[in-house]
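Report on the structure given below.
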Amino acid sequence: MRSGRQDLADLLSIAPTMASLGVRCHIGPMSTDTIYPYTLEIRPCEKPEGHFTWVIRELGKLLQRSDKPHSSEALARKRGEAEIERLLGPGR
């Protein structure tokens, strides 16, 4: 039976060989990309028919939704995007 120390020693002895062969580490590179925390969903209303509402989620959780139905999908999107801009604050 092998000890944990022996397994570690074996691993350390092959590590330079793996690197020289171009074997990539299982850990991906660090990223400077930021995850945008807000999502905007545009949904058709049941009543009044033909109108739309927007829903803003922060990391998947409901944050805010429109109070009033909008007459078109484009208008609902425009108002929802404006609300996200307001949430982000000045300077963004």
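Put a dot 7 Å past the Cα of Leu59, heading toward its Cβ, do the same for Glu41, and the two dots end up 1.9 nm apart.
Sequence-ordered 3J(HN,Hα) estimates for the range 71-77 from the Karplus curve with 6.51, -1.76 and 1.60 and θ = phi - 60° stand at 6, 8, 5, 4, 5, 4, 5 Hz, glycine and proline given as x. With neighbour counts taken as other beta-carbon atoms within 10 Å, the residues Arg86, Arg77 rank, fewest first, as Arg86, Arg77.
Bear in mind these aren't lab numbers, they're just calculated from the coordinates by the rules spelled out. None of the values given here were measured: they were computed from a predicted structure. Note: ideal-geometry Cβ built from the backbone for every residue, glycine included; neighbour counts use all protein chains shown.
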